[in-house]
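Undergrad: Before I ask anything, here is the structure I am working with.
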Amino acid sequence: MSLELKHVQITRKGQALFAPICLNIFPGETATVMGASGCGKSTLLSAICGSLSREFRLKGEILLKGHSINPVPMERRNIGILFQDDLLFPHMSIGSNLAFALPPGMPRYLRDEKVKHALGQAGLEGFEDRDPATLSGGQRSRASLLRTLLARPKALLLDEPFSRLDHGLKGQIREFVFDQVKKMNIPALLVTHDPGDMAEGPLIDLTTHR
Amino acid sequence: MPLTRKQHERLANVVTFTPHMRPGNPPKARADLPDQADQGISSGTGMGTFLLLFPGSVFFTFLVTVGAGLWGTWLPSLGYLPAMGKTTLTLHPWTELFNHPAIGGAVRSTLVSGWGTALGAFLLSGLLFAMNYGSRTWGVMEKMLAPILSVPHAAFAIGLSFLISPGGWLVRMVSPGLTGVDLPPAWVIPKDPQGLSLMIALVLKETPFMILVMAGALQQIDYNATMAVGRSLGYRPAQVRLKILLPQLFPHMRLSLYAVIAYSLSVVDMSMILGPTTPPTLPVLVVQWFNDPMLETRLMGAAGATLLLGMVLGSLLLAYILEKAIIRCFEWRVANGRRETLLSPMTPVGRTLLMGGMTVFTLTMVILVIWSFTWQWPFPEVLPAQWSFRFWEKSIHDLGSPMGTTLITGLAATMAGLVLTIGCLEYEATLSKTIAINRYKKCMSIIYLPLLLPQVAFIFGVQMLLTWFHLDASATGLIWSHLIFVLPYIFLTLGSVYRSFDRRIMTTATLLCGSPMKAFLKVKLPMLLRPILFSFAVGISVSVAQYIPTLFIGAGRFSTITTEVVALASGSDRRVAAVYALYQQLIPMGVYLLAIFVPKLMFINRKRMQR
């Protein structure tokens, strides 16, 4: 179930953004890629999840559970991603936002139950019918993480998900995220510019990684 | 790069304490500066009072015109028309209306073409977006949108009838090879009694409009982020657009959809060219009755116009109920987790539809050009046997007066519309409380009424009103009536860009030059030149396309290119009709080109001004 980067490098107009990266992330572990803004760390994440824009080229191989996912379109990769912004769909209730991520083919009562259960786990009991806009920042980022996890991803990417949170909230959400990664036993990759965000797993510093 | 708030505040401080500042500047204002900057207030209270004149006069004009227009139609429908010596209220016009032999067929074809158009344009724009957005075909289509939308309805209708009629280009292309016919077949197309050719033409014309509105609304949503979230949850791109983006886009499209419903139920010029004839659609019938020499028939016309108003309002209500019902039905289904969609395998169908639509538009233009240069064109031939410039040459002698009227009316109405719109938006910019802005916007939504009501349902009353002011059949009256329809479109196209203008730029500019007016003229207007010119082009093309106001308010004394085109379309000479249809097309096309290239040339060395 591991996520493996084999000599992964991204080029733009023939210029490499960073030296080739080799990284093996085991299930339940969160690796960190550090670097200042503009060093290409978010681009690396979009390459892994499959949304690399056309101006960039990907070299090397990305393996999920030992299979190369380079040619697989984004929607079939089964990789969850959490952004800086919560990106909850503003026109749907919290419940619908979460149900949207559940796999198809479940009767409605079961979907409702799963959503309820997930909300309970994150301290958001009874939030099914709430408008995302009425939630606090911390509640929104927890809901956003729940939505990502309900899709049962085989790996999780974290694109500076804590950078918009207040200092006090940061630690709490961080712990919640790493806990969930361990519980689901999936590999996770965090990119950040803030050394305080760092996870316990392997670390690559792109500023020195030239 | 707009200044960040910090930079701007620093700049404000620097300016505040600049020694060479004129001593006349009140020190109080200086002390207030940081606060003012925070709220983005760029003008004092005196300016606000002056600016209040704009929304005030717009509100009053629209209230009076539409209100008097409606009353001036309702009362005659009850037999009350003092100008003609009728002062007793009676239901006689209504009984006459419902006993008229044409009414059933007219109402039926109106509803079929109107509802068919609204549903067709709405579903088609939504599905085309879901299936094609981001593809190369979609990119080509977006480039073609402005020219497509600039085609006046009448010119498009004539081009389309040259294409699909029995002796039209499409039949010629396959005859006699495929069809084996030497004479045009005896189809009743266009002008079929069901109103289907009218419906098809309207769908073709209104779908691009809905797509334009959708493209505008899309700028308010972070498309790429939404796409990334949706796809990372396992949804196909088409499914993300269908399930997540369209529901978010719809609220921005509602007003335009309602305008399409109202328009397609009450369109007159296009219906006279492509619609059924015996009986025609209800709006055409109403116009015929209004122009009847018999007073009783005119009163029945007023009743018919009011019936049409009821049909439109009922349809809008139905659309609203349908929307609620659909939301109830699909709210849960959106979150049912189905990742696959029938749309994905249907992508080639979507591409074909999109290409087909663009091809039809191109062909209608090409066939107009061909007919305008034709001398002789016997039936099954694909191209004319003899070409000629004669009809263009001849048209130049007859063209002067209608062309002049068209241009003067269009320019006057559009300039007035632009000044009023900018004035209203500037007043809005002086409001700082969200509640006040919302209340103001609610009040100003009165300007959209003319788009949501059938023109024939109140133009008769407007004519009465202008007669009362002795402005009927005058240039002022004509421009006034055009302004009522031009202004809402200018507001629609300019509003969102104007509102999103960064207030801090105006604050900075005002602080630097010391006068809000100067800052407005030297900084804001030039920066907004592109959107202003674009709404100018929209205004001109809306004015050029007006048929009903010119017909009624001009009272036969004014003819524009459009009234000429509609009159010629029913004539037998396709060549003359083609020439005039092209003239009608030329004006908006030219103005759109100006709107695109003038800012490009003016700001040729300014990368950020090139979008």
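Undergrad: The range B:452-477 to the range B:255-274: how many Å between their Cα centroids?
TA: For the range B:452-477 versus the range B:255-274, the Cα centre distance is 20 Å.
Undergrad: Something else about it: Where Lys and Arg each count +1 and Asp and Glu each count -1, what net charge lies around B:Lys324 among other residues with Cβ under 14 Å from its Cβ?
TA: Net of charged neighbours comes to 0.
Undergrad: Which one, B:Gln219, B:Leu274, B:Leu183, projects farthest toward the positive side of the charge dipole computed for the range B:104-362 from Cβ point charges (K/R +1, D/E -1)?
TA: The Cα lying farthest towards the positive end belongs to B:Gln219.
Undergrad: Express in whole angstrom the spacing between the alpha-carbon centres of the range A:79-134 and the range B:277-341.
TA: If we compute the Cα centre of each part, the gap is 39 Å.
Undergrad: For the range A:69-210, what is the Kirkwood estimate of the hydrodynamic radius, computed as the reciprocal of the mean inverse distance between distinct Cα atoms, to one decimal in Å?
TA: 16.0 Å
Undergrad: Follow-up question, since we're still on this one. Specify which residue in the list A:Gln9, A:Asn24, A:Ile94 is farthest towards the positive end of the charge dipole of chain A, using unit charges on the beta carbon of Lys, Arg (+1) and Asp, Glu (-1), about the Cα centre.
TA: A:Gln9
Undergrad: What is the spread of the Cα atoms of the range B:336-485 along each of their three principal axes, largest first, in whole Å?
TA: Ordered largest first, the range B:336-485 gives principal extents of 66, 65, 29 Å.
Undergrad: Same structure again: With a 1.4 Å probe and all protein chains left in place, how much of the accessible area of chain A comes from carbon and sulfur atoms, in whole percent?
TA: 49 percent
Undergrad: Nearest 100 Å², what total accessible surface is buried between chain A and chain B (probe 1.4 Å)?
TA: Buried surface at the A/B interface: approximately 2100 Å².
Undergrad: Between the range B:581-599 and the range B:46-65, what is the C-alpha centre distance in whole Å?
TA: 31 Å
Undergrad: Heads up, I need the accessible area for B:Trp387: 1.4 angstrom probe, whole protein in place, Å², nearest 10.
TA: Looks like 140 Å² after rounding.
Undergrad: Heavy atoms only, probe 1.4 angstrom, no DNA, RNA or ligands counted: give me B:Arg339, B:Arg574, A:Arg12 ranked by accessible area, highest first.
TA: Descending order: A:Arg12, B:Arg574, B:Arg339.
Undergrad: Rounded to the nearest percent, how much of the accessible area of chain B (1.4 Å probe, protein heavy atoms only) is carbon and sulfur?
TA: The computed percentage sits at 68.
Undergrad: How long are the semi-axes of the ellipsoid equivalent to the protein assembly as shown, from square roots of 5 times the Cα gyration tensor eigenvalues, in whole Å, largest first?
TA: 54, 35, 28
Undergrad: Rank these by accessible area, largest first, 1.4 Å probe: A:Leu189, B:Leu313.
TA: Largest to smallest exposure gives the sequence B:Leu313, A:Leu189.
Undergrad: Would you work out the charge dipole size for the range B:104-362 about its Cα centre, treating the Cβ of every Lys and Arg as +1 and the Cβ of every Asp and Glu as -1, and quote it to the nearest 20 debye?
TA: Computed about the Cα centre, the dipole is about 920 debye.
Undergrad: Ranked from the most accessible area to the least, with a 1.4 Å probe and all protein chains present, what is the order of A:Lys116, A:Lys41?
TA: Ranked list, largest accessible area first: A:Lys116, A:Lys41.
Undergrad: Measure up A:Lys59/B:Lys600; B:Lys205/B:Lys441; A:Lys116/B:Lys441; A:Lys154/B:Lys243; A:Lys41/A:Lys114 against 32 Å on the Cα-Cα distance and list the ones that go over.
TA: A:Lys59/B:Lys600; A:Lys116/B:Lys441; A:Lys41/A:Lys114
Undergrad: Given Cα pairs under 8 Å that are at least 6 residues apart, what percent is the relative contact order of the range A:42-152?
TA: 29 percent
Undergrad: Now, a different point. With every protein chain left in place, what is the accessible area of B:Ile422 in Å² (1.4 Å probe, nearest 10)?
TA: Here the accessible area works out near 20 Å².
Undergrad: Less than 20 Å apart at the alpha-carbon level, and either on another chain or at least 8 residues along: which aspartates and glutamates does that give for A:Lys13?
TA: Correct list for A:Lys13: A:Glu55, A:Glu61.
Undergrad: Where in the range B:161-203 does the amide nitrogen come within less than 15 Å of the point 7 Å from the Cα of B:Val366, taken along Cα to Cβ?
TA: B:162-164, B:169-174
Undergrad: Looking only at A:Leu110, A:Leu165, A:Leu98, which one moves most when chain A is put into a Gaussian network model with springs between Cα atoms under 10 Å?
TA: Looking only at A:Leu110, A:Leu165, A:Leu98, the biggest GNM fluctuation is shown by A:Leu110.
Undergrad: Moving on to the next point. For the range A:14-124, take the convex hull of the Cα atoms, compute a quarter of its surface area, and give me that in nm², please.
TA: Hull-based average projected area comes out at 9.8 nm².
Undergrad: Determine the gain in length on full extension of the stretch B:Ser344-B:Leu295; use 0.36 nm per residue of separation and subtract their C-alpha separation, reporting nm with one decimal.
TA: Between B:Ser344 and B:Leu295, full extension yields 11.7 nm more.
Undergrad: What dipole magnitude, in Debye to the nearest 20, does the protein assembly as shown give about its Cα centre under +1 on Lys/Arg Cβ and -1 on Asp/Glu Cβ?
TA: Approximately 1880 debye in magnitude.
Undergrad: In addition: As I understand it, the value is the acute angle between the Cα axis of helix B:574-602 and the longest principal axis of the Cα atoms of chain B; what does it come to in degrees, rounded to 10?
TA: Taking the Cα atoms of chain B, the angle to B:574-602 is about 10 degrees.
Undergrad: Something else now. Report the semi-axes of the equivalent ellipsoid for chain B in whole Å, largest first, where each axis is √(5λ) for an eigenvalue λ of the Cα gyration tensor.
TA: Semi-axes, largest first: 43, 32, 26 Å.
Undergrad: With a ≥ b ≥ c taken as the square roots of the eigenvalues of the C-alpha gyration tensor of the range B:453-509, please select rounded if a/c is under 1.5 and otherwise prolate if a/b is larger than b/c or oblate if it is not?
TA: prolate
Undergrad: What is the antiparallel percent of DSSP beta bridges lying wholly in the protein assembly as shown, to the nearest 5?
TA: 55 percent
Undergrad: I'm checking a number: the convex hull volume of the Cα atoms of the range B:104-362, normalised per residue, in Å³. What is it?
TA: 145 Å³
Undergrad: Could you tell me which of rounded, prolate or oblate describes the range B:291-375, using a ≥ b ≥ c as the square roots of the eigenvalues of the alpha-carbon gyration tensor, with rounded for a/c under 1.5 and, failing that, prolate when a/b is larger than b/c and oblate otherwise?
TA: It is oblate, given that a/c is not under 1.5 and a/b is not larger than b/c.
Undergrad: Would you check the accessible area of A:Cys49, probe 1.4 Å, heavy atoms only, in square angstrom rounded to 10?
TA: So the heavy atoms of A:Cys49 present about 0 Å² to solvent.
Undergrad: Accessible area per residue, 1.4 Å probe, Å², for chain B: what's the number?
TA: Accessible area per residue: 46 Å².
The values are calculated or read from the model by the stated rules, or taken from the named source; none is laboratory data. Please read these numbers as outputs of a predicted model, since none were measured by experiment. Positions of Cβ are backbone-derived with ideal geometry, glycine not excepted, and every protein chain shown enters the neighbour counts. The accessibility values were calculated without ligands, DNA or RNA, using every heavy atom of the protein model including side chains. Shrake-Rupley method; radii C 1.70, N 1.55, O 1.52, S 1.80 Å.
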